[in-house]
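Values quoted throughout were computed directly from the atomic coordinates according to the rules given, and no laboratory measurement underlies them. Not measured: the values here are computed from a predicted model. Cβ: placed from backbone, ideal geometry, glycine included. Neighbour counts: every protein chain shown.
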Amino acid sequence: MQPSLTAGGSRRLLKRLRDLMAGGGSGQERLNQVVRIIAADLVAEVCSIYIMRAGEVLELFATQGLKQEAVHKTRLAVGEGIVGDIAAHARSLALADAQSHPNFAYRPETGEEIYHSLMGVPILRGGRVLGVLVIQNRTFREYDEEEVETVQTIAMVLAELIAGSDLITPEDTMRADLALAPARLDGLRLNEGIAIGRAVLHQPRVSIRQMVADNPEVELKRLDDALTSMHSAIDDMLAASELAESGEHREILESYRMFAEDRGWLSRISEAIRSGLTAEAAVQRVQDDTRVRMSQITDPYLRERLSDLEDLANRLLRHLTGARTAARADLPDDAILVARTMGPAELLDYDRAKVKAVLLEEGSPTAHVAIVARALNVPMVGRVKNVLTRIEALDPVIVDGDHAQVLLRPSDDVREAFTAAIEVRAKRQASIAALRDLPAVTRDGVELSLFLNAGLLIDLAYLEETGAAGVGLYRTELPFMLRSTFPDVATQTEFYRKVLTRAAGKPVVFRTLDIGGDKLLPFLAESEEENPAMGWRAIRIALDRPMLLRHQLRALLRAAAGTRLDVMFPMVAEVAEFDAARALLDAEIARCRRRSEALPSTVRVGTMLEVPALFWQLKTLLRRVDFISVGTNDLMQFLFASDRGNPRLADRYDVLSPPALSFLRELVQVCGRAKVDLTLCGEMGSRTLEAMALIAIGFRRLSMPATAIGPVKAMARSLTLGPVRDYLTGLCDRPEHSLRESLRAFARDHDVAI
Ligand code: PEP
Ligand code: MG
């Protein structure tokens, strides 16, 4: 006989479970009944429940079918055996022949050797694994997807029973080993800055009072109403957002609204309602699934999209239950938001004046929420493992975005040190702001041009704020990365036009798409590469897919009609590549002429120098380009054959070393003789000591993030060029691994503000 797992059957089973939960008896007694009911209903010879105890151990709490002596005796560590594997990965397994599974761990006390097939699902609550629900059969039974889903729904209802019972003691909860002692956690820097404040848990659990519903139609209607009110709330937010002005943030929010209408997501919720859950339980059920899927996905783009869905699910839950978010609850003035993940709209929900920093268990630099945090200037650290289990609401926290670290419950002296650091930073920022209108010129009168690196419309506001001479590097790929489809020529034109309008006459160097490597576009998915940094990226993609580049160039030409256009190509390795890219630009210019479209008044064409090979074709190249921009981020990784993303190599080679500086010095000299503008736009130029060395070897144009312009200008204004140039000339032929300490000592001795 096959089990009755139709929607109707599942509803009946859920109702029986609900009645049982509402009835009397101890937690253990109820659990014993639960396994009996489930086994009978699913026609399984065995149904067992394992519950997670302190120390990450899964203990057999109740069973129908296995030997009763094993109850409270059989224990498996997380990761051990099939049950441990299910808990470790928070994923379901359905095996027709469990004993041949490599993780099968035989426990003689259970008598399970006679059962062949096994299906286990994690019992999840709030993204945490509370236990594992297992059914087993003697036969080699193939459990189908629908059966697995039904058992998952049952597991969700069980999670509430377990959490609300006396079955697990406080020590068993995940917080068991949470010491209230100070702790330091490392993460990934998503936005710089330091903040001291109190933890606010972004997602206080929405408690669901009723899991099982009597009438699916009523629940579907409730879902519908909640969706309507959620949509109008998102619309209001779109209209009111302080970022509504800038195009790409609007885009983020709009793509987010699109998710709210995502058919697949909504139909999965409706299905869960039809199987017998209340609307809120159905949302949570689908959300649990999403979390599990998220934990298994490595593709950063997909992960972010799933986290947007998670954000929506939370929103929907609040509309269904009337629960308030931390955003609307009383927020302390020094809130440090802590979340597993957070959508961009959720961050915008908070009172900006009260949010001092954000901590996430997940998150990546390309996450929408990180982009919004940067635009709002809120320090943010991501990938802080288990922060939610180690922190309590209102715990004192220090977030050091600069060093990607978090200090929980810091001692007084640590707190004092950071308070001092914040003061120093504030003073420094104030004195730097005062430099805005002063020229970047050394003490001995050598003038420098400092440019801004930008990638979002909102970055252009910094042109005015920092007094930068223009945008030295506009990374056009960033707006592309925020979109779910490839923008057409008209959309791109409008976008570039906005960039130029905001630059208000200051020059902007547009770099054509630098995609591939770590910059993935959702709509240009390619197979994984072994060596993405040296793979099919940037100009290589553009030359193989010329229409991509032609459309972009067409949009740039149109956007700059009547004014000046500066355009450069990324990752050019040889002159022939530059020529091929240039030919596409010429073809687009010719096309404009043929159609009598207005052209830019001047078109300046350049290239990035990021691949060492190009250096040995400089003479030929310099006859063809109007300018060159050195991308030291990539250049140094290729010069030293040292992956820029590999943390083990982060300090292995120094850009302030004889080979790196000699290479750059020669480049400056050759470009100088040819009278071709040379700018440096890699991160190297944004650090004061490095900038000092670069000026000493002859660089006069540096392009950097907004936050670096003030400090670099302050350094330059305290520097006398003559002595440092002479000093460095002597150093470049030395055998040292690094010249950093020597240069630092020089700066100290000569009062250079590094
Ligand atoms: C560089 O490589 O130095 C550069 C500026 O380009 P990106 O960091 O965008 O690769
Ligand atoms: Mg680069």
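Amide H neighbours of ALA357 under 5 Å, counting only residues 5+ apart in sequence or on other chains, H built in-plane at 1.01 Å?
LEU337
Taking 1 over the mean of 1/r across every pair of different Cα atoms in the chain, what Kirkwood radius in Å do you get?
This gives a value of 29.2 Å.
Can you work out the Karplus-derived ³J(HN,Hα) for every residue in the stretch 77-85? Use 6.51 cos²θ - 1.76 cosθ + 1.60 with θ = phi - 60°, whole Hz, and x for glycine or proline.
Whole-Hz 3J(HN,Hα) from phi for the stretch 77-85: 6, 4, x, 9, x, 5, 4, x, 5.
Looking at the stretch 550-607 from every direction and averaging, what is the projected area of its Cα convex hull in nm²?
3.6 nm²
In nm, what is the difference between 0.36 nm times the number of residues separating ASP402 and ALA96 and their Cα-Cα distance?
Full extension of this stretch gives 105.0 nm more.
Could you tell me what fraction of 2.2 N^0.38 Å the Cα radius of gyration of the stretch 77-156 comes to, as a two-decimal ratio?
Computed over Cα atoms of the stretch 77-156, the ratio equals 1.04.
Output wanted: per-residue J couplings in Hz (rounded whole) for the stretch 489-502, from phi through Karplus 6.51 cos²θ - 1.76 cosθ + 1.60, θ = phi - 60°, x for Gly and Pro.
4, 5, 5, 4, 4, 4, 5, 5, 5, 4, 4, 5, 4, 5
Where does helix 740-749 land angle-wise versus the long Cα axis of the chain, in degrees 0 to 90, nearest 10?
Computed tilt is about 60 degrees.
Note down the relative contact order for the chain as a percent, whole number, built from C-alpha pairs under 8 angstrom at least six residues apart.
Relative contact order here is 10 percent.
For the stretch 614-681, evaluate the Debye formula with one uniform point scatterer on each Cα (no solvent term) and list log10 I(q)/I(0) at q = 0.12, 0.14, 0.16, 0.24 Å⁻¹, rounded to two decimals.
Log-scaled intensity ratios, in q order: -0.35, -0.46, -0.58, -1.06.
Given that compact globular proteins tend to follow 2.2 N^0.38 Å, what is the ratio of the alpha-carbon Rg of the stretch 538-634 to that value?
1.08
Hey, if you put +1 on the Cβ of every Lys and Arg and -1 on every Asp and Glu Cβ in the stretch 497-656, which of GLY516, ALA555, SER642 ends up farthest toward the positive end of that dipole?
Value: ALA555.
Taking each pair of distinct Cα atoms in the stretch 355-497 once, what is the resulting Kirkwood hydrodynamic radius in Å?
18.5 Å
Quick one: Karplus J couplings for the stretch 567-578, per residue in order, coefficients 6.51, -1.76, 1.60, θ = phi - 60°, nearest Hz, x for Gly and Pro?
Once rounded to whole Hz, the list reads 9, 9, 10, x, 6, 6, 9, 8, 4, 4, 5, 4.
Kindly express, to the nearest 10 degrees and within the range 0 to 90, the angle between helix 721-731's C-alpha long axis and the longest C-alpha principal axis of the chain.
So the helix axis and the longest Cα principal axis differ by about 70 degrees.
Hey, rough spin-label estimate for LEU266 and GLU145, points 7 angstrom out along Cα→Cβ, what's it come to in nanometres?
Placing both labels 7 Å along Cα→Cβ, they lie 2.1 nm apart.
Please report how far the C-alpha centroid of the stretch 69-94 lies from that of the stretch 382-437, rounded to the nearest whole angstrom.
Taking the Cα centre of the stretch 382-437 as reference, the centre of the stretch 69-94 is 40 Å away.
Calculate the dipole size of the stretch 535-653 relative to its Cα centre from +1 charges on Lys and Arg beta carbons and -1 charges on Asp and Glu beta carbons; express the result in debye to the nearest 20.
420 debye
Mind giving me the nanometre distance, one decimal, between the label points for ALA183 and ALA650, set 7 Å out from Cα along Cα→Cβ?
That separation, rounded to one decimal, is 2.1 nm.
Would you please give the residues with an amide H less than 5 Å from that of LEU680, counting only those at least 5 places away or on a separate chain, with H modeled from the backbone geometry?
Hits under the 5 Å cutoff: VAL630, ARG701, LEU702, SER703.
Determine Rg/Rh for the stretch 610-754; Rg is computed over alpha-carbon atoms and Rh is the Kirkwood hydrodynamic estimate from the same atoms.
0.95
For ALA77, what residues show an amide H to amide H distance below 5 Å, using hydrogens built from the backbone and excluding near sequence neighbours?
Counting only residues 5 or more places away or on other chains, the set is LEU58.
Over 25 Å between Cα atoms, which of LYS506/LYS713; LYS427/LYS506; LYS356/LYS498; LYS498/LYS713; LYS15/LYS221; LYS427/LYS713 qualify?
Among LYS506/LYS713; LYS427/LYS506; LYS356/LYS498; LYS498/LYS713; LYS15/LYS221; LYS427/LYS713, the Cα-Cα distance tops 25 Å for LYS427/LYS506; LYS356/LYS498; LYS498/LYS713.
Assigning unit charges at the beta carbon (Lys, Arg +1; Asp, Glu -1) and nothing else, what dipole magnitude in debye, to the nearest 20, does the chain show about its Cα centre?
The dipole of the chain has a size of about 1940 debye.
Test of understanding: express the Cα radius of gyration of the stretch 16-152 as a ratio to 2.2 N^0.38 Å, with N the residue count.
After normalising by residue count via 2.2 N^0.38 Å, the value is 0.97.
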